[in-house]
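S.K.: To start, I am sharing the structure in question, which I have written as structure tokens.
No value in this document is a laboratory result; all are computed from the given coordinates. Values in this document were obtained by computation on a predicted structure and should not be read as measured data. All Cβ positions, glycine included, derive from the backbone under ideal geometry; neighbour counts span all protein chains shown.
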Amino acid sequence: MNVLVINSGSSSIKYQLLNTATEEVLVSGLVERIGEGDGRLKQKNHPGTDAEKVIEINQAFADHEAGMVMVIDLITDAENGVVADKSEIVAIGHRIVHGGENFFEPMLIDDEVVDGIEKVIPMAPLHNPGHLAGINTTRRLFPDAPQVVVFDTAFHQTMPPKAFLYGLPYELYKELGLRRYGFHGTSHKYVTGKAAEMLGKPVEQCNLITLHLGNGASITEVRGGKSVDTSMGLTPLGGLIMGTRSGNIDPAIVRYLHDRKGWDIDKIDHLLTKESGMLGICGSNDLRDIHERIAEGDERAELALEMSVHRARQYMGAYFFDLVDVDAIVFTAGIGENDEVYREMCCRELEPLGIELDKTKNVSWSGESAIISTGDSKVKIMVIRTNEELAIAKETAELVSGL
Ligand code: AMP
């Protein structure tokens, strides 16, 4: 089934057209600067294959609809397109960052679902309005194609209250939905399924610690195939020390900064989200850079890496202690898949706990996934390439096939 996967932001649309049967990506692209004078569209047809073709367009896109019309034109173009007609796009899957407590599984879009996504805008003011702009656009342009929303928060809706509540007045949870939701759920779920296959066990019997380590990063405790705790919170700012996000800090720091620097809440929010994390410590949020600088003797870069790993190990330890019987630790996303030093530091000196990294396999893994622990390691260590677009496409196809 050809599924168009859309991640629509406030001024951008990221998209992929996939065939869910062959898992082939027909097209991937990005429309940027929607609503600004200098719009850009870049599309790759058959990305990553010998037949890859790149198309770039620089022009203003007044709104999401103008951008999407151009995408459809390119996809169905007689000469350079990949499908003959819009009707060959059978279904559309939308990535939604925040579903609040309204959504715990993918949903077919109708007015009620749109309403539910609108209701959680206060918790995801930077994301959900952009998602809704994308949904409204594709509902207009593809009136006959079923459309599905897949939520980053959904996988974590199995967390019990003891894990998802904050130590705040309970009434605030009831009134405002103030609780931890967790994110990257599509990725944590995807690698959980893959890890179960690699373990040769039903997913319901798998206890895992999954590390989605990218520019944004989160760690999830998976018990019996379900998320029972995760490091992110009400928003994707909580938990780990990330590329530019602070992760958990003492909440009193907000007031301290206000009192000492006179900064208002917007300034502090920007600081915690965009100027903190590894960037705030050493001036870079990219581990490739950070490693280069460590090699040149940059102590701040080394400190940033050590802080990030230290926080990750704290979560690994907490989840290990809670699960006790852990089948596998799974690394995924930009850092998890590509940074063998980071993986090695996360697993260092854990042999007494039955966690034994095979240092050769750690640096030489290739393909989609691999076990990088020693044959004797009680707990398997895995690297699995995440593929959120494919996961969304498959969830969409599954839901639509049942119609
Ligand atoms: P993501 O958000 O999953 O795309 O991950 C992006 C981050 O992955 C970058 O900021 C880098 O820190 C990291 N990354 C990507 N490629 C590599 C690599 N080859 N080696 C080390 N880190 C990498």
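S.K.: If you take the residues of segment 237-264 that are within 26 Å of the chain's Cα centre (by Cα) and more than 19 Å from Tyr181 (Cα to Cα), which of them is nearest to the ligand (Cβ to nearest atom)?
M.R.: Gly243
S.K.: Now for a separate question. If you take just the helices (runs of 4 or more DSSP H) that sit entirely in segment 327-375, which of them hold at least 3 residues that are away from the ligand (no atom under 16 Å from the Cβ)?
M.R.: 359-364
S.K.: For segment 127-197, list the helices (runs of 4 or more DSSP H) that sit wholly inside it and hold at least 1 residues that are within 17 Å of Ser8 (Cβ to Cβ) and touching a strand residue (DSSP E or B) at 6+ places or on another chain (Cβ under 6 Å); which are they?
M.R.: In segment 127-197, the matching helices (runs of 4 or more DSSP H) lie at 128-141.
S.K.: Right, something else. Go through segment 286-301 residue by residue and tally those that are under 28 Å from Glu221 (Cα atoms), surrounded by fewer than 21 Cβ atoms within 10 Å (Cβ to Cβ) and of a type outside the set (Lys, Arg).
M.R.: Summing the residues that are under 28 Å from Glu221 (Cα atoms), surrounded by fewer than 21 Cβ atoms within 10 Å (Cβ to Cβ) and of a type outside the set (Lys, Arg) in segment 286-301 gives 1.
S.K.: Among the listed residues Glu306, Glu204, which satisfies the condition of being out of contact with any Ser or Thr (no Cβ under 8 Å at 6 or more places or on another chain), part of a helix (DSSP H, G or I) and within 16 Å of the ligand (Cβ to nearest atom)?
M.R.: After ruling out the rest, the residue left standing is Glu306.
S.K.: Hey, any hits in segment 233-252 for a residue that's of a type in the set (Asp, Glu) and touching a residue at least 12 places away in the same chain (Cβ under 8 Å)?
M.R.: So far as segment 233-252 goes, no, none of its residues is of a type in the set (Asp, Glu) and touching a residue at least 12 places away in the same chain (Cβ under 8 Å).
S.K.: Restricting to segment 374-397, give me the number of residues that are surrounded by 22 or more Cβ atoms within 10 Å (Cβ to Cβ) and of a type in the set (Ser, Thr, Tyr).
M.R.: So the answer is 2.
S.K.: All but one of (1) crowded, with 21+ Cβ neighbours inside 10 Å; (2) more than 16 Å from the ligand (Cβ to nearest atom) hold for Tyr173, so report the exception by its number.
M.R.: Result: Tyr173 passes all but (1).
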